[in-house]
Each structure stands twice: as structure tokens, then as C-alpha cells.
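Enquirer: Below is a structure I'd like to ask you about.
The values are calculated or read from the model by the stated rules, or taken from the named source; none is laboratory data. Note that the structure is predicted; figures quoted are calculated from it, not measured. Please note: Cβ atoms are built from the backbone with ideal geometry, for glycine as well, and neighbour counts cover all protein chains shown.
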Amino acid sequence: MKKLVILSFLMIVTFLAACGGNDSSQKNGESDTDNTANNDQRTVTVEDAMGEQTIEGTPENIVALEWSYAENLLALGIQPAGVADLDGFGKWVNIDKAFDESVADVGTRQEPNLEAIKRQDPDLIIAVKFRHEQYLDQLEEIAPVVMFAPYGDEAIQDHYGNMISEMNKLAKIVDKKEEAEQAIDDLNAYIDKQKQRVADAGLEGATFLATQAFSAQNTPTIRLFTDNSMVGKVMNKLGFSNAHSTEEPEVYGYSEVTIEALQNYQDQEDLQFLYIAQEDDNIFETEYKGNPAWEKLSFVENGNTHRLPGDTWTFGGVLSNKVLAKQLVDAMVKE
């Protein structure tokens, strides 16, 4: 009888302990499927260009098929397993973080090398709809895929805001929320620092045209950045007002125009004209040199033209936008 009482007592204690443990778990908002302390049990659900995606565990071996996401992985402290067109990234994305030698090249951004991707044994592939939708089935045979749509109807309303949104979504997937918040805070603080340089130079509130100029099939081409572009948003944050506007947002954040279109901005007093041009393809110093259509523009005659480096990158992530902000201000402010 005594043994039976003791056994009953132990069973009650065990039951109460188990109940107490369950209460604690529920109070902390945890379950077997969202317990981030155990990578095998963690799942994250996000909305991407193709619908709702559920990622199991925390991806560590990640292949990025577009530069901006590879860059944002670096900003989160993650070295990707593979990146599309590593050489091109090195030429255009001039940030202060570098890939390890272990990072593999996995083809071009337009045509990823499926075998090279498979060799990295990824647990996540990051793709973009406008380039990689045709490869989706093949990519999904290798690893889970998150496919972003940086030129979708919603994203093109504000390329900069979409970049921040995608950064936060990526951070959620890889469980790096605090790192993302820090990277974004650093970007905002850096832009504020550059904005102070603009104010000190007496340029705050000035209007601007920001362009990229080059030759395409021996034809001079000028891209005017619109307010929904990265350049337009950063310039707005720096305290400038864009002289160029469109009724509908441009998909890629710019309008392609000819030199004659610049006549429309003749009456903009003290307009600042910024242009990105290659050293060996500066159309303003070659095709348009001596041409009255260029030489007689008010901002040209007033000396308000400012050239940015030919490798200025206007489609990047949080790190590239710090570089962009400094390059924009450096071009205008002589210290």
C-alpha cells in the first residue's frame, strides 16, 4: 500500500511538471514549428513573386543569382555559397565588404549554370522573376527557391523602399533581423551625414537632373532617373528636388531621352545636372562637344554639370546605396 501511494504521488508530480512546461512554452509564443533555438524545427513563411514560400530551418548554404541579394547577404554577415557573375560584381558593386575565396561563380545573371549551382549543395536559392522564372522548375529540383520581383507593379513604385523591404524579408529567412536593422540604421545615418554636407554647401532644396549617358549602337543615349528610382530617392533624402517627373512610374526608374529633351529644363534656375559616364564613352565630351544643343543649355553655361564615376552602381542594396549617396554629393560639393 505504501509503495502504491508513493507511485501515485510521483505520477502526479510528473504530470504537473509537464503541464507547467507546456504553459511556459505557450507564454513565450513558441511551438515546435517556430522555435528558433532549434534550427531543425524552425520554419519561416514569406510571400515572394510566386506566392507563399515556407523555408524549413535556417539556410546557411545560399546561392544568389542577382547582385543586390548577394550584397545584402554580406551586409547581414553571411558569405553566400555561390553568386552569379562574380567578375561583374567586382567591377560594378564597389562596397567595403568582399566575398571569401570559397564563394563560387555560378554562371551569369541571365543564364545561371545549373550544374555549378548544384555543386554548392545549397539549402536556398535566391532568384528574380524577370530573369529566372523560366528556370524555376529546374532550380527547385536543386533547393528551395525564393524569387523576388524587383520590377513588379508594387516594387517599381519605390525601388529604394522595395530594396529595404526585400532586405528585411531576406533577414527574416536567414534569422538575421537585428543585423538587418543595424545595416539599415547605418545607411540612414550615413545619408544624413551626406545631407549635412549638402546643407553646408548651400545646395539643400536645389533641383536636379540625374542621368546616365552612353553610346548604344553608336547612338548617344541619355537616361533620366525618375523619382521612383534608387538615385531619385537618395537625392530626395539628400535634400534635392527632381526636375524630371513622369505620370506613371518608369519600370527601371529612368526615361530614355535624346539631347533635345534637356531643353525642357532650361528655365530651372540653378539646376544641378549630374551624369554617370564611362571614361572612354563620355558623350558630352565627344558627340556633343561644340553642339549648341548641349553647350547652350543654361546649366552647362552656369557650370552646374557634375560627372560621377562610370562604375557608379544605381541598382544595389544597403551597402551600395551608401556608396551612391557619397558619390552623388562628392560630384557636387568641392571641399
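Enquirer: Within the stretch 57-77, restricting attention to residues that are surrounded by fewer than 19 Cβ atoms within 10 Å (Cβ to Cβ) and of a type outside the set (Asp, Glu), which residue is farthest from Tyr160 (Cα to Cα)? Break it down into steps so the answer makes sense when it comes.
Expert: Pass one, the stretch 57-77, residues surrounded by fewer than 19 Cβ atoms within 10 Å (Cβ to Cβ): 57-58, 60-61, 77.
Next, from what is left, pick out any that are of a type outside the set (Asp, Glu): 57-58, 61, 77.
Values: Gly57: 29, Thr58: 27, Asn61: 27, Gly77: 21 Å.
It comes out as Gly57.
Enquirer: Under the condition of being surrounded by 20 or more Cβ atoms within 10 Å (Cβ to Cβ) and out of contact with any Ser or Thr (no Cβ under 7 Å at 6 or more places or on another chain), which residue from the stretch 275-287 is nearest to Arg223 (Cα to Cα)?
Expert: Ala277
Enquirer: Could you please give the count of residues in the stretch 225-260 that are surrounded by 14 or more Cβ atoms within 10 Å (Cβ to Cβ) and more than 17 Å from Ala206 (Cβ to Cβ)?
Expert: The qualifying residues number 13.
Enquirer: Among the listed residues Thr54, Thr45, identify the single one that is within 18 Å of Val146 (Cβ to Cβ), surrounded by fewer than 11 Cβ atoms within 10 Å (Cβ to Cβ), at pLDDT 50 or above and of a type in the set (Ser, Thr, Tyr).
Expert: Details: Thr45 fails: surrounded by fewer than 11 Cβ atoms within 10 Å (Cβ to Cβ).
The match here is Thr54.
Enquirer: Within the stretch 147-158, does at least one residue satisfy the condition of being of a type in the set (Gly, Ala, Ser), without any contact (Cβ under 8 Å) to a residue 60 or more places away in the chain and out of contact with any helix residue (DSSP H, G or I) (no Cβ under 8 Å at 6 or more places or on another chain)? Before you say what the answer is, go through the steps one by one.
Expert: Quick first cut of the stretch 147-158, residues of a type in the set (Gly, Ala, Ser) only: 149, 152, 155.
Add one more test, that the residue is without any contact (Cβ under 8 Å) to a residue 60 or more places away in the chain, and what stays is 155.
Filter again for out of contact with any helix residue (DSSP H, G or I) (no Cβ under 8 Å at 6 or more places or on another chain), leaving none.
No, there is no match, as no residue in the stretch 147-158 is of a type in the set (Gly, Ala, Ser), without any contact (Cβ under 8 Å) to a residue 60 or more places away in the chain and out of contact with any helix residue (DSSP H, G or I) (no Cβ under 8 Å at 6 or more places or on another chain).
Enquirer: Could you list all residues from the stretch 181-197 that are among the small types (Gly, Ala, Ser) and surrounded by 14 or more Cβ atoms within 10 Å (Cβ to Cβ)?
Expert: Ala183
Enquirer: Moving on to the next point. Quick one: which strands (runs of 3 or more DSSP E) sit completely within the stretch 38-112 and have at least 1 residues that are at positive phi and more than 20 Å from the chain's Cα centre (by Cα)?
Expert: 51-56
Enquirer: Take the residues of the stretch 228-240 that are in a helix (DSSP H, G or I) and in contact (Cβ under 8 Å) with a residue 12 or more places away in the chain: which is farthest from Gly253 (Cα to Cα)?
Expert: Result: Lys237.
Let's see how each residue does on (1) at pLDDT below 95; (2) touching a strand residue (DSSP E or B) at 6+ places or on another chain (Cβ under 8 Å):
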position	(1), (2)
Pro249	no, no
Tyr254	no, yes
Gln268	yes, yes
Ile276	no, yes
Glu287	yes, yes
Val318	no, no
Asn321	no, no
Ala325	no, no
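Enquirer: Continuing with this model, one more query. Would you check if Asp123 is out of contact with any Phe, Trp or Tyr (no Cβ under 8 Å at 6 or more places or on another chain) and either over 29 Å from Gly253 (Cα atoms) or assigned by TED's automatic domain parsing to the domain that holds Glu250 (or both)?
Expert: Yes.
Enquirer: Oh, and also: Report, by residue number, each residue of the stretch 77-96 that is at pLDDT 95 or above and basic (Lys, Arg).
Expert: Hits for the stretch 77-96: nothing passes.
Enquirer: Can you find a residue in the stretch 166-173 that is without any contact (Cβ under 8 Å) to a residue 12 or more places away in the chain, in a helix (DSSP H, G or I) and surrounded by 15 or more Cβ atoms within 10 Å (Cβ to Cβ)? Full working, then the answer.
Expert: If we filter the stretch 166-173 for residues that are without any contact (Cβ under 8 Å) to a residue 12 or more places away in the chain, which is where we start, we get none.
For the stretch 166-173, residues without any contact (Cβ under 8 Å) to a residue 12 or more places away in the chain, in a helix (DSSP H, G or I) and surrounded by 15 or more Cβ atoms within 10 Å (Cβ to Cβ): absent.
Each row is one residue, and each column tells you yes or no for (1) under 34 Å from the mean Cα position of the chain (by Cα); (2) in a loop (DSSP other than H, G, I, E, B); (3) outside the structural domain of Thr314 (by TED's automatic domain parsing).
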| residue | (1), (2), (3) |
| --- | --- |
| Glu256 | yes, no, no |
| Gln268 | yes, yes, no |
| Tyr275 | yes, no, no |
| Phe284 | yes, yes, no |
| Glu287 | yes, yes, no |
| Ala293 | no, no, no |
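Enquirer: Next up: Which residues, counting only those in the stretch 124-141, are touching a residue at least 24 places away in the same chain (Cβ under 8 Å) and either buried (at least 18 other Cβ atoms within 10 Å of the Cβ) or within 18 Å of the chain's Cα centre (by Cα) (or both)?
Expert: The answer is Leu124, Ile125, Ile126, Ala127, Val128, Lys129, Arg131, His132, Leu139.
Enquirer: A further question follows. Taking only the stretch 187-227 into account, find how many residues are in a strand (DSSP E or B), under 27 Å from Glu71 (Cα atoms) and either free of Cβ contacts under 8 Å to residues at least 24 places away in the same chain or basic (Lys, Arg) (or both). Even if it seems obvious, please write down each step before you answer.
Expert: So in the stretch 187-227, the residues in a strand (DSSP E or B) come out as 207-216, 219-225.
Next cut, under 27 Å from Glu71 (Cα atoms) only: 210-214, 223-225.
Then keep just the ones that are either free of Cβ contacts under 8 Å to residues at least 24 places away in the same chain or basic (Lys, Arg) (or both); that gives 223.
Qualifying residue count, the stretch 187-227: 1.
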